[in-house]
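Here the structure comes first, spelled out in C-alpha cells, and everything after it is commentary.
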Amino acid sequence: MPDNILEVRGLKKHFDLGKGALKAVDGLNFEIRRGETLGLVGESGCGKSTVGKTLIRLYEPTEGEIVFNGKSVSKMNAKEQREFTRNMQMVFQDPYASLNPRMTVGDIIAEGIDIHGLYKGKKRKERVLQLLADVGLNPEHAGRFPHEFSGGQRQRIGIARALAIEPQFIIADEPISALDVSVQAQVINLFQNLQKQHGLTYLFIAHDLAMVKHISDRIGVMYLGKLVELTTSEELYANPLHPYTQSLLSAIPIPDPDVERTRERIILEGEVPSPLNPPSGCPFRTRCPHAMQVCAETMPPMKEIKPGHITACHLY
Ligand code: SF4
C-alpha cells in the first residue's frame, strides 16, 4: 500500500453558470497520508466543500487527477470503482437534512451494507448494533426515526452510516458546525477514537481554524478556490506565513482575558470577491494588508518555504 492514501493533482471544479464559469476549485495539489487527518479550512464560498464533493465524485472534476491507493480514479475499472466507493465515505454538515426522515436509524445505518451486499439477516442486525455501540448510541435506537434524536445524536448516526461498510477514508464536511458548542467536543472525540480503532484517514473540512486545531495533523487553508498554505497543525499555529492564515488565526478568541485584551487583531476589510470574477494575480490581494504591485500581476505559486511548510505568497 502506498504511504499516501490520496493524491490530488491540478484539481479544478468549475461550474458553468451561463454568464461565466464559477471557479469553485481552481488547481489544487495536495496529498493525504494514510492514517492522518488533514484539516481543510476557509471562509464559506472558498470551495472547500466542493473539494470534498469532487473527491467523492458527487461532482465530476473539470480538470486534474485524483489518485486513491496509488490508482487514478478516472482510470479505474468497474471493480476498482466499487472498491473506491466503498473505501471513501462522507459525513455531511447538516445532521438534520442528511438522514432520511422516513427510515429507521437501523435501516439508515445499514443502507451501504445492503447496497454492497455485505451482510444479511442476523449478521446485518449484529453489525448495526455494533455500529450503534461504536458511536455511543444504544441498541434500542435502531428502531427509532431521526426526528427523535438531538443534533449530536443525529451526527453520530451519520458517522455510523459512514463507518458501516468499513471505509479507509472519511471526508467530514463541516461535521460539527451545526452542533451546539457543548456537543462539538464530544463529536470530535468520537472521530478521534474511531480513527484509532479503525485506522481511518480523514479529510476534515471546517470554516474556522479553531474547529480543526485539535483533530488535524496537517492543515490546508483555502481562499477563493485555491490552497494558499499547507503545513502541520503545530507549525501553522506557531508560525503562520500567509497573510490570510494570519488573519484567520487572529480571529480566534484566546481563553486568557489578559492576553485577549492586549493582543492585536487583523481585521480583514471587504468581502470575499466573487469566484465568478476573481481578482488578477493573487486572489487575496483585494483584502491583503501587504499587497504589492506584483500581487496584482502574477499569481504566486505554492512554494516550500521550510521543510513541510508550503505557501503561495509573494512575500516569501
Ligand atoms: Fe498579500 Fe501579495 Fe501575499 Fe497575496 S501575494 S497574500 S496580496 S502579499
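The values are calculated or read from the model by the stated rules, or taken from the named source; none is laboratory data. All figures in this text were calculated on a predicted structure; none of them were measured in a lab. FYI the Cβ positions are ideal-geometry reconstructions off the backbone, even for glycines, and counts take in every protein chain you see. Just the protein is used for accessible areas: all its heavy atoms, side chains included, with ligands, DNA and RNA removed. Shrake-Rupley method; radii C 1.70, N 1.55, O 1.52, S 1.80 Å.
What a 1.4 Å probe finds exposed on region 4-216 is 48% carbon and sulfur by accessible area, rounded to a whole percent. How much of the DSSP beta bridge set in the chain is antiparallel, as a percent to the nearest 5? The answer is about 60 percent antiparallel.
Straight-line reach from LYS75: taking Cα to Cα under 15 Å and skipping same-chain neighbours fewer than 8 places apart, the aspartates and glutamates in range are GLU7, GLU60, GLU63, GLU65, GLU83. Counted residue by residue at 0.36 nm each, then reduced by the alpha carbon distance between them, the extension gain from TYR316 to ALA251 reaches 21.1 nm.
In this Cβ point-charge picture (+1 for Lys and Arg, -1 for Asp and Glu), the chain has a dipole of about 960 debye about its Cα centre. Be a star and scan region 152-169 for residues whose amide nitrogen sits under 20 Å from the point 7 Å along the Cα-to-Cβ vector of GLN130. Residues 156-169 qualify, since their backbone N sits under 20 Å from the label point. In the chain, helices alone account for a calculated mean residue ellipticity at 222 nm of -9500 deg cm²/dmol, with every DSSP H run of four or more residues adding -39,500 (n - 2.57).
Can you work out the PRE-style zone for ARG9? Point 7 Å along Cα to Cβ, and I want the residues of region 62-94 with backbone N under 13 Å. Residues 64-68, 70-75 qualify, since their backbone N sits under 13 Å from the label point.
Couplings 3J(HN,Hα) for region 87-92, derived from phi with the Karplus relation 6.51 cos²θ - 1.76 cosθ + 1.60 (θ = phi - 60°), are 7, 10, 10, 10, 10, 8 Hz, where x marks Gly and Pro.
What order do you get for 195-201, 148-154 when each peptide is scored by the mean count of other beta carbon atoms within 10 Å, highest first?
Order by mean packing, descending: 148-154, 195-201.
Close amide H pairs (under 5 Å, H built 1.01 Å from N) link ILE165 with no residue at least 5 positions away or on another chain. Our coupling estimate for region 51-62, obtained by passing each phi through the Karplus curve with A = 6.51, B = -1.76, C = 1.60 and θ = phi - 60°, is 4, x, 5, 6, 4, 8, 6, 6, 10, 7, x, 6 Hz, Gly and Pro reported as x. Backbone geometry of region 207-222 corresponds, through the Karplus equation with coefficients 6.51, -1.76 and 1.60 at θ = phi - 60°, to 3J(HN,Hα) couplings of 9, 9, 5, 4, 6, 9, 3, 7, 9, 8, 7, 10, 10, x, 10, 10 Hz, x marking Gly and Pro. Each label was represented as a point 7 Å from its Cα along the Cα-to-Cβ direction; for HIS290 and ARG86 these points are 4.8 nm apart. Spin-label pair LYS306-SER72: with each label point 7 Å from Cα along the Cα-Cβ axis, the two points sit 3.7 nm from one another. Amide H contacts of ARG144: VAL105, GLY106, each under 5 Å away and 5 or more positions distant or on a separate chain (H built 1.01 Å from N in the peptide plane; Pro and chain starts excluded).
Between LEU99 and any residue 5 or more places off or on another chain, the built amide H atoms are never under 5 Å apart.
An ellipsoid equivalent to region 30-98, defined through the eigenvalues of its Cα gyration tensor, has semi-axes of 22, 15, 13 Å when rounded to whole angstrom and sorted largest first. The angle between the Cα long axis of helix 181-198 and the main principal axis of the chain comes to about 70°, on a 0 to 90 degree scale.
For the options GLY136, GLY20, GLY45, a Gaussian network treatment of the chain with springs between C-alpha atoms closer than 10 Å singles out GLY20 as fluctuating the most. Across the alpha-carbon atoms of the chain, the computed radius of gyration and Dmax are 20.5, 68 angstrom.
Of the cross-linked pairs LYS79/LYS196; LYS71/LYS213; LYS12/LYS53; LYS23/LYS53; LYS12/LYS48; LYS23/LYS71, those separated by over 19 Å at the C-alpha level are LYS79/LYS196; LYS71/LYS213; LYS23/LYS71.
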